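Worksheet: one structure, shown below.
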Amino acid sequence: MAELTSQTSSVQSLYSMYREEKIFVNRRYQRKLVWTLEEKQKLVESLLKKYPIPAILLAEREEAPGTYEIIDGLQRLQAVLSFIEMAFPTANGAVFDVDRFPTAKKASEEGKFLIRDGEPKLGAADVSTLLDYSIALSVMRKATETEINDVFDRINTYGHRLSDQERRQAGVQNSFSEAVRKISCTIRGDGSATVLPLHAMHSISIDLPKTKHGYQIQAEDVFWVEHGILRATDLRDSMDEQCVADITACTIGGTCLDRSKEALDKVYDTADAESDRIETALTIYGSEKFEKEFSFCIDEIMKVCADGKSEILRDVVFESKTSNAYPSVFAIIFLAFHELLIKNNLKISSYSEVKRLMRGLNKRIEIGQKGASPEERRKSIDQIKGLIQSIFVPNDKNPRTYSGSTIPDIDVTIRRSSIELANYELKQGLTELSGKRQIEPSVLTKIIHTIAAIANNGSESEGTILVGVADKVADAERIEKLDGVKPILVGSRYIVGIGREAKALGMTLEQYVTRIRDEIKNSSLTEPTKSSVLSHIDFHDYYGLGLVVIEIPQQTDLTFVGSDLYWREGDQTTKAVDPKTIAAIAKRF
């Protein structure tokens, strides 16, 4: 049984824990960062006025004593700590004075956050008041996962502001809810490890158009908002996850759900037979397989929209201009695509023809409440299939073993690379950014070493190397000047592609990818790492820029390059020479 203790901790002590990565967020049940600027400012004002605020509830992590997961108080804790890092000013326009707090000053000097110069600073007395403020903490120790889930569910039953979908996702932890969470994170572009340090939350949080907080994901760039399927504010209430849950249940269950709150509630109610039916069906179908299929279908829909003159899906589907969200119509379109691409094992022969046939689609199907019944939804799916299926031809691939990269997958990988440094590596290309364009053998050698190093992260770890992505703005600007390519910003990284480099080298894209593949094939990487990596090299067009995706699957033993052992120190690949380091790496397997 869990033990509950009460204590207080000063804000400055909590900040130290925050920067020492002792405070974590578990995304299985925690909400996104959703507070408005006004809400954050009011909390800071309460601390400065020495008003009481609700206690923060933490759970000590069994696997790492002395570190904690936030059960309740994520928004409050993040608001206070981000204020110290000058993320926003008080209502009076004053930002925190970092020079008066050495711990924060050191973090800023290490590049952990940016200093806001030229703005009024909080006075010395207010800085002292804020840092000395004692926040009440309730700490659960020796709590099981079930107990933590139960506590979180109970807390969010009493007068909370969770949306229906947030309540559903927080209320049950099973294969279905986990699949919905993973798919939603991938499509939004905020995928990450399930448990991550609190300071990394800004990297996977979404800025709404009118409430900029400095988060890395912009709502207008998220698939759902970009294509007009949902409004930006709908992401705050997890309406995208509700759409994913509906589509997943319809696909996995084999029959369309009634599009209603009650029908989806039953899917999440573990005491209901409908929940058992969907959970059993997902177990048989395979969660991971469906997650890949979902991304693949989204990728194909995006290709349809991008073909020729790039358009958003809403402008293709609706005959007249509209700003209304249309999640119900999108669900029908997705289900039609999934049945053609996956169930019928077909592929699109002409994206432009599919786009042409889908124009004014809203006039051909029943939408709104009239189209919400299972029967009407089935009828609409069949109408869409009948309209476009002549452009689908037999596929020479088996979608059941589909493992190719998609735009959502790539975007998530790029964003995760800034958080999970050891598991990801980005390369702008194989040449140096000088006037002399030729492949640098040292770059290919580094790729081999990095493959081995990522493989040595442990038996439960996997990673990815992307070729065609710059991690520095200077490199992106140099490439734009050198090759005339306009980089695409994803998170804090720049997609520059390998097409421009292949052209400069006088190579086809196939020859470029083959050069990398041959380098790995002829290397002294140990087996089975070499073979598993060779079977996981993929090329993606990515809006015409081209990317090489090298996946490093989980390994069961150490990987060497010849007799040398490599490992990852943050985002650096290092040769292990110290016996203690080698022994520590070996213990990961």
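The values are calculated or read from the model by the stated rules, or taken from the named source; none is laboratory data. Model, not experiment: these values are computed from the prediction. Neighbour counts run over all protein chains shown; Cβ positions are idealised from the backbone, glycine included. Please note that ligands, DNA and RNA were not included when accessible areas were found on the heavy atoms of the full protein model with its side chains. Shrake-Rupley method; radii C 1.70, N 1.55, O 1.52, S 1.80 Å.
Observations on the model:
- Residues 40, 289 ordered from highest to lowest accessible area at a 1.4 Å probe: 289, 40.
- Under 19 Å from the residue 460 label point (7 Å along Cα→beta-carbon), backbone N, the stretch 190-209: 192-198
- The stretch 152-250 shape via C-alpha gyration tensor axes, a/c threshold 1.5: rounded
- Whole-Hz couplings from phi, Karplus 6.51/-1.76/1.60, listed for the stretch 48-63; x for Gly and Pro: 5, 8, 6, 7, x, 10, x, 5, 8, 9, 10, 10, 5, 7, 4, 6
- Dipole magnitude of the stretch 18-170, debye to nearest 20 (Cβ charges: Lys/Arg +1, Asp/Glu -1, about Cα centre): 220 debye
- Structure-derived Kirkwood radius over Cα pairs in Å: which label, when the choices are [x] 28.1; [y] 26.8; [z] 26.1: [z]
- Separation of the alpha carbons by more than 18 angstrom is noted, of 321/379; 292/379; 289/343; 355/385; 303/355, for 321/379; 292/379.
- Qualifying trypsin sites (Lys or Arg not before Pro) in the stretch 53-134, DSSP loop, other Cβ atoms within 10 Å at most 12: 112
- Global form of the stretch 1-70, assessed from the alpha-carbon gyration tensor, a/c cut-off 1.5: prolate
- Isotropic mean projected area of the C-alpha convex hull, the stretch 444-589 (nm²): 9.1 nm²
- In Hz, Karplus ³J(HN,Hα) per residue of the stretch 249-265 (6.51, -1.76, 1.60; θ = phi - 60°; x = Gly, Pro): 5, 5, 6, 5, x, x, 9, 6, 7, 5, 7, 8, 4, 5, 5, 6, 4
- When the helices of the chain are scored as -39500 (n - 2.57) per DSSP H run of n ≥ 4 and the total is divided over every residue, the value at 222 nm lands at -13000 deg cm²/dmol.
- Prolate/oblate/rounded call for the stretch 506-562, Cα gyration tensor, a/c under 1.5 rounded: oblate
- Fraction of beta bridges assigned by DSSP in the chain that are antiparallel (%, nearest 5): 75 percent
- Just so you know, the averaged projected area of the alpha carbon convex hull for the stretch 314-467 sits at 14.5 nm².
- Surface composition of the chain: carbon plus sulfur atoms hold 49% of the accessible area, using a 1.4 angstrom probe and ignoring ligands, DNA and RNA.
- The residue 103 and residue 153 beta-carbon pair, evaluated with R₀ = 41 Å, returns a calculated FRET efficiency of approximately 0.70.
- The HN-Hα couplings worked out from phi for the stretch 501-512 by the Karplus form 6.51 cos²θ - 1.76 cosθ + 1.60 (θ = phi - 60°) are 6, 4, 4, 5, 8, x, 10, 7, 4, 5, 5, 5 Hz, whole numbers, x standing for Gly and Pro.
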